[in-house]
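Please read the structure below before turning to the comments.
The values are calculated or read from the model by the stated rules, or taken from the named source; none is laboratory data. All of these numbers come straight from a predicted model, not from anything done at the bench. Virtual Cβ from ideal backbone geometry, glycine too; neighbours counted across all protein chains shown.
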Amino acid sequence: MRGFVQTPPNVVDQMVAMLFRDRRPSPSDRLLDPGCGPGAFIAGVLRWCAREGVEPPQIVGIELDPAHVTSARERFRNDPCVCIRGADFLDCQNQDRYDFIIGNPPYVSILQLSEQERAYYKSSFVTATGRFDLYMLFFEQAIRLLDARGTLVLVTPEKYAYVASAGRLRQKLAGLHVTDFVLLDESAFGSLTTYPAITRVRHSPPGPCRITTRGGAERIVNLPSDGASWRFHLRDGRPSLLTPSGETLREFCDRISCGIATGADRVFVMPSDHVPARLEKFAWPTISGRQLTMAPERIATTSSILVPYDRQGDLLPLAELEELGEYLRTPAIALRLRARSCVARKPWYSFHDSVPMRDLVRPKLICKDICAEASFWIDSKGEIIPGHSAYYLVPRVAALLEPMAHYLNSSLVRSWLRDHSQRAANGFLRNQSTILKQVPIISEVARDWRQLLGEHSLSADGDSLAVHLEPLP
Ligand SMILES: C[S@@+](CC[C@H](N)C(=O)[O-])C[C@H]1O[C@@H](n2cnc3c(N)ncnc32)[C@H](O)[C@@H]1O
């Protein structure tokens, strides 16, 4: 079944202790385990009650997978206080209320959901926005079913605390009292690197939150009341020095995008010294995120990409591709190109992505899509076509290249990106155009850049400044 991961007993015991920390359960209380699986939390609650000499509350487990429903019913058949329901926890008809809710929701990304599921969730859950995940919807539903003064303890990926797609969930939590946020060791779930965290929420007015870091340090913080990222609270409790001043990177760039996906790099991309002489006129230098290893002020490429597009970004007719056309028509290569899903909607020898050549061949900055620390390289000649594991930023005028690289490579911006970027499974930062566009530009820097724009926009080609100051979409 989708999203099944068993919670280890030590994490269960830690969470049950947190659940009953302020108030012991009574037999008339109602306790819910949503997505109970074979019943790890139910067993943990019964264990705690037996140890403490407390009569257990009324326990309900809700589980979608029939095999887990059967095994949980079998496991608790001698515990009359336990009821296992074979049902969908995300069914919005559910009007029950619970004094205690504890669980480990499924982690299932939007990418694994069908179109129908996405549409249903988007119409029923406010947290179903952007690249949402089922655990966020479980969180929302659990908050909805939590009785006044009830307590909720869930273990989830920590990233809901800072990713943009969980802003709505943080907003919902801002109306309640998040009492604890405990970052668990990466190895808590064995080899699954989810960066787990336990959140404890009380259905009462907001108040201070105790953050426990992976090193075991504790501090009390006031979480943002507007759904903003909690990242800086998790790191060192101090906000990034870079506070938004109104101007962002998007205002100074004509394009901030992911590099080009061909859908068939083995056909189009090759070491530069392997490009046959007859194809050289179609070859551009290219670089992947992994190849960006040199010092940021120097950029050097060793690969080339064969580009069947003209400088306007229009795909050239096969007849005009000459030797490149012949190469692409080679049976094994043509077969491979035709096997790509993108060719259902475009000619068989196109790239997977559209190719904004006019911007691609301008002076620009390039960065990796995933990195330990964000760095930006300068392509001053504007001749490198970045691959799909890199991002590129085209400043409105080439004169901004150096100052922009200097600013983006500063510790100020690096720390802002650390606070605002999503994390990959290995803990590395994930650069994304949405985040890059929002990088705040401090007012002195913005003033200098505006001056440069003014000086260079009315340049040799006579372009007017007004054209360049249209905001990016
Ligand atoms: C991460 S597992 C946790 C299992 C168990 N609670 C534990 O901690 O060991 C999540 C569980 O949620 C169940 N599940 C997934 N979607 C569900 C839904 N919509 N309603 C109820 N259960 C669901 C899965 O079958 C799985 O058993």
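Here is a yes/no grid of residues against (1) aliphatic (A, V, I, L, M); (2) more than 32 Å from the chain's Cα centre (by Cα):
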residue	(1), (2)
Pro25	no, yes
Leu32	yes, no
Leu46	yes, yes
Glu55	no, yes
Asp88	no, no
task = May I ask you to list pairs of residues, at least six apart or on different chains, whose Cβ atoms are under 7 Å apart, with the first in region 145-171 being surrounded by fewer than 22 Cβ atoms within 10 Å (Cβ to Cβ) and the second being in a strand (DSSP E or B) and at pLDDT below 90?
result = Lys159/Gln422; Lys159/Arg423
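With the condition being more than 9 Å from the ligand (Cβ to nearest atom) and among the aromatic types (Phe, Trp, Tyr), I'd like the strands (runs of 3 or more DSSP E) fully within region 7-103 carrying at least 1 qualifying residues. Before the answer, list the steps.
Details: elements: 30-34, 58-63, 82-86, 98-103.
The qualifying strands (runs of 3 or more DSSP E) are 98-103.
Of all residues in region 291-312, which are surrounded by fewer than 15 Cβ atoms within 10 Å (Cβ to Cβ) and at pLDDT 90 or above? Don't jump to the end; show me each part of the working.
Kept after step one, since they are surrounded by fewer than 15 Cβ atoms within 10 Å (Cβ to Cβ), are these residues of region 291-312: 293-295, 297-298, 300, 302, 310-312.
Matches in region 291-312: Thr302, Asp310, Arg311, Gln312.
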key: Failed item, numbered, when Ser123 is tested on (1) assigned to a helix (DSSP H, G or I); (2) within 14 Å of the ligand (Cβ to nearest atom); (3) out of contact with any Lys or Arg (no Cβ under 9 Å at 6 or more places or on another chain); (4) closer than 20 Å to Ala166 by Cβ   = (2)
remark   = Of the conditions (1) over 15 Å from Ile384 (Cα atoms); (2) under 28 Å from the mean Cα position of the chain (by Cα); (3) not in a helix (DSSP H, G or I), the single one that Gln312 does not satisfy is (2)
inquiry  = Filter region 168-202 down to the residues that are modelled with pLDDT of 90 or more, out of contact with any Phe, Trp or Tyr (no Cβ under 6 Å at 6 or more places or on another chain) and part of a helix (DSSP H, G or I) and list them by number.
reply    = Arg168, Arg170, Gln171, Lys172, Leu173, Ala174
